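The values are calculated or read from the model by the stated rules, or taken from the named source; none is laboratory data. A quick note: this is a predicted structure, and the numbers were derived from the prediction, not measured. Glycine also receives a Cβ, built like all others from the backbone with ideal geometry; neighbour counts cover every protein chain displayed. What goes into the accessible areas is simple: the full protein's heavy atoms, side chains included, and nothing from ligands, DNA or RNA. Shrake-Rupley method; radii C 1.70, N 1.55, O 1.52, S 1.80 Å.
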Amino acid sequence: MALPGGSLTAKAITDEMFATAKIKPRAVLRSNSYELIQAAAMAGMAICLGNGQLLPSPDGAAPGHRFIPVRDARVRPTRVVIAVREHRTLPVAVQTFVETLRQRILSLEQA
């Protein structure tokens, strides 16, 4: 994964989220630049978490890429996505991560 670095508020949020979910992501990149994090995902080097403000266009479309919405009823409405290269066969670890994250969010919504 491409993850936020220490000077970004998002690092504390993602660290807490992963710790709560008991997930230890493998970081291939840590950066204090949201643009670099997203560029790594768009280049097919990693996946990343982001919000709607980081999307390349208002409708979320990016040629050759797809965005997977992640929803959590406990936070104000915003768009959180996992960005991966379009037509890329996701590794089993990534598929497992996405499904685990989705199930954790669903279980929190039902609690």
Protection-proxy order for peptides 90-103, 33-46, each taking the mean of Cβ atoms within 10 Å per residue, highest first: 33-46, 90-103
Potential lengthening between ALA12 and ALA93 on full extension [0.36 nm per residue; Cα-Cα distance subtracted]: 26.9 nm
- prompt: With the dipole of the range 1-41 worked out from charges on the C-beta (+1 for Lys and Arg, -1 for Asp and Glu) around the Cα centre, which of ALA39, LEU8, LEU29 lies farthest toward the positive end?
  reply: LEU29
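Probe radius 1.4 Å, ligands and nucleic acids left out: which of THR89, THR14 has the largest accessible area, and how do the rest follow?
Output order, biggest surface exposure first: THR89, THR14.
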- request: Subtracting the Cα-Cα distance from 0.36 nm times the residue separation, let me have the gained length for ARG102 to SER33 in nm, one decimal.
  value: 22.3 nm
